[in-house]
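The values are calculated or read from the model by the stated rules, or taken from the named source; none is laboratory data. Remember, predicted model here, so these are calculated numbers, not experimental data. Backbone-built Cβ (ideal geometry, glycine too); neighbour counts: all protein chains shown. Keep in mind that these areas ignore ligands, DNA and RNA; they rest on the heavy atoms of the full protein, side chains included. Shrake-Rupley method; radii C 1.70, N 1.55, O 1.52, S 1.80 Å.
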Amino acid sequence: MAKDHYTSTGLTTPKMMTVALRYRDEFDMQHVELVDIVDIIEFKLVQRFPDFRLVIARDAEMKEDALAEPLKSRITVRQSVYVAACDGDFEARFVLAHELGHFLLHREKDVSMHSDPRGAVQAIRGMKATESTEDQADMFARHFLAPPHLSYRYRHEPKMLAMVTGVPPRICRGNITMSKWQETIAMRAKGGNASRKSGV
């Protein structure tokens, strides 16, 4: 596939935080610590996108953990990943949030975008975070599930942040660091409602 399939108009981390907060608001999750990502993908996406379909595929049918095809209005998830997400597995929840990010952010790309155990597609690893759709989807997922105000609230307790948000600890440590940035003060102060005043 051409490199362009994996590029997008990129958002910086602070802008992506704002976008993630806006979608938390739109899915009525602004004051929720543990986002029900399965409910969003199963039911709430259909309310916004009536043609949307969630496809649960048998593990043997997929190489990837999940795949988003925004222009075909579907997300396909490996059955074991879906079951794990329903059971609250942190990594599986992150996979679903990543695919949600693709679906919402990359609707202009007519290409399948996927997540697998190896992470981003090897050919795009040299891109900047604002160029790679995979990095953009990861940025969206991390801030959608553990936004700056929660990350800052649990800044001394990364394990507690992981528990209350259902996010992998490796992600929580980074989110805590970012929650201390100057750019996040307004987002933290408003408890996640800063996105309402932004046009992003």
More than 22 Å from residue 15 (Cα to Cα), at pLDDT 95 or above and not charged (D, E, K, R) - does that describe any residue in segment 99-116?
no
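On the basis of being at pLDDT below 95 and surrounded by 14 or more Cβ atoms within 10 Å (Cβ to Cβ), does residue 130 make the cut?
Yes.
Filter segment 160-189 down to residues that are part of a loop (DSSP other than H, G, I, E, B), more than 18 Å from residue 34 (Cα to Cα) and open to solvent by less than 10 Å² (accessible area, probe 1.4 Å), then give me how many there are.
Residues that pass the stated criteria total 0.
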Residue list for segment 24-38, restricted to those being touching a residue at least 60 places away in the same chain (Cβ under 8 Å) and either surrounded by fewer than 20 Cβ atoms within 10 Å (Cβ to Cβ) or of a type in the set (Val, Ile, Thr) (or both):
25, 30, 31, 33, 34, 35, 37
Between a first residue in segment 175-187 that is at pLDDT below 90 and a second residue that is of a type in the set (Gly, Ala, Ser), which pairs have beta carbons less than 8 Å apart while being 6 or more apart in sequence or on different chains?
186/194; 187/194; 187/195
For segment 136-159, check the following and say yes or no: at least one residue is assigned to a loop (DSSP other than H, G, I, E, B) and modelled with pLDDT under 70.
no
For residue 192, work out the one condition from (1) outside any helix (DSSP H, G or I); (2) under 30 Å from residue 67 (Cα atoms); (3) modelled with pLDDT of 95 or more it doesn't fulfil.
(3)
